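The structure under discussion appears below in the form of structure tokens.
What follows draws every value from the coordinates through simple rules; no lab data is involved. Computed from a prediction, not measured in an experiment: that's the story for all the values here. Methodologically, a virtual Cβ is constructed for each residue, glycine included, from the backbone with ideal geometry; neighbour enumeration extends over all protein chains shown.
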Amino acid sequence: MKILACFAAMGAFAIAGCGSSSGTDPCKGVSGACTGIHAGASHETIQTALIEAKSGTTIAFEHGTYDLDLDLSLTVPGVTIQGEGKDNTILSFKKQTTGAQGLLVNTTGTFTMHDIAIEDAKGDCFKAQNVDGLTIREVRTEWTGGPKAENGAYGIYPVQSKHVLVEHCVAKGASDTGIYVGQSEDVILRDNDVEYNVAGIEIENTSRADVHDNLATHNTGGILVFNLPGLQIKKGSGTRVYNNQMVDNNTDNFAPEGNTVAMVPRGSASSGWPRTTSRSSTTCSTARRR
């Protein structure tokens with residue numbers, strides 16, 4: 001009891017699972033309240049940490065693979081989720097049985113996630129909704145079996161959010177879009193790598209988005225900007241697309257039949273599609289057709 005009280009006073013907790021842990025402290029170097037999650041932690045353990053988190057808490061995952069059969073969700077604002085590298089700390093949903101995404105964050109405050117991977121979700125790998133101040137950095141989302149119609153729709157999916165930054169991320173294998181930003185405001189997507197998705201990046205009904213210095217390769221289409229009817233936010237504008245590299249976006253379209261992006265032709269580089277009032281310009285954008 002004295003040991004527990006000491007840790008509580010320091011604002012740091014370590015939650016161990018039944019898997020193999022290196023014994024290192026995942027909260028090392030974190031200032032403020034931190035909950036450490038060790039390799040092998042169960043879904044219940046992780047979800048409990050997300051529920052009990054307070055604003056300002058960091059949830060720090062040790063390196064390792066976490067096999068999860070249910071989705072995760074967070075509603076507390078001001079939380080940070082961090083791992084020990086996007087190739088070292090992996091939330092795997094390959095065995096997922098229920099849930100529309102791997103991780104859902106739905107909060108009106110800020111949220112930060114970095115240095116972690118989310119793989120093989122039944123639906124979207126990561127969805128953030130209503131967040132004001134979203135930072136996603138050094139995150140990888142991937143369906144590890146390669147391009148398949150059975151893969152989830154979106155890798156990184158901010159929607160109805162404000163002040164969004166997505167940088168130095170990797171998104172692979174989405175049956176719709178690797179990084180999809182919908183109905184949002186004041187967005188920066190930069191220095192990301194999107195590969196083997198139907199669409200690499202999409203900006204939908206969003207205002208003031210800057211999309212630059214990204215690499216889109218081996219997708220069906222590189223970068224799309226558009227407005228769709230029938231959504232809560234009717235019109236996006238002011239999008240700028242520049243200094244991106246779009247190369248070899250010739251992967252056959254593997255979107256499920258009936259999806260809007262199933263109409264994207266192989267070899268598309270960058271386009272306002274199907275109709276958009278956004279202003280977009282692209283440099284260094286090449287696509288080679290076979």
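Of the DSSP beta bridges with both residues in the chain, give the percent that are antiparallel, rounding to the nearest 5. Could you put the intermediate results ahead of the total?
Working: 0 of 90 bridges.
Of those bridges, close to 0 percent are antiparallel.
Residue separation times 0.36 nm, minus the C-alpha to C-alpha distance between Lys94 and Lys234: what's the value? Write down the numbers at each step before the final one.
On the way: separation 140, 0.36 × 140 = 50.40 nm, distance 3.56 nm.
Going from the current span to full extension adds 46.8 nm.
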Which of [x] 19.4; [y] 14.6; [z] 45.0 gives mean projected area of the Cα convex hull in nm² as computed here? It is [y]
Dipole moment magnitude, nearest 20 debye, the chain about Cα centre, only Lys, Arg, Asp, Glu C-beta charged: 700
The stretch 135-166 to the stretch 47-84: how many Å between their Cα centroids? 17
Under 28 Å Cα to Cα from Lys148, which lysines show up? Leave out anything in the same chain fewer than 8 places away. Lys86, Lys94, Lys95, Lys122, Lys127, Lys172
Gained length - Leu165 relative to Glu44, 0.36 nm times residue gap less alpha-carbon distance: 40.6 nm
Using alpha-carbon coordinates, inclination of helix 43-52 to the longest axis of the chain, degrees: 90
Relative contact order %, the stretch 70-272, counting alpha carbon pairs below 8 Å whose residues are six or more apart: 14
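Taking 0.36 nm per intervening residue step and subtracting the Cα-Cα distance, what contour gain separates Asn259 from Thr24 on full extension? Let's see the in-between values first.
On the way: separation 235, 0.36 × 235 = 84.60 nm, distance 4.51 nm.
Using 0.36 nm per residue and subtracting the Cα-Cα distance, I get 80.1 nm.
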In the Gaussian network model of the chain, springs joining C-alpha atoms below 10 Å, which of Thr75, Thr217, Thr260 carries the largest mean-square fluctuation? Thr260
Simple label model, 7 Å out from Cα along Cβ direction - Glu52 to His218, nm: 4.2
May I ask you to order 58-64, 38-44 by the average number of other C-beta atoms within 10 Å around their residues, highest value first? 58-64, 38-44
Most fluctuating of Met113, Met246, Met263 in the GNM of the chain (C-alpha, under 10 Å) is Met263
Between Val247 and Arg208, how many nm apart are label points set 7 Å from Cα along the C-beta direction? 3.4
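If packing is taken as the mean number of other Cβ atoms within 10 Å per residue, what is the order of 203-211, 232-240, highest first?
Numbers: 203-211: 23.0, 232-240: 16.1.
Ranking, from highest mean packing down: 203-211, 232-240.
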Comparing Asn249, Asn88, Asn192 in a Gaussian network model of the chain (Cα, 10 Å), the one with the largest mean-square fluctuation is Asn88
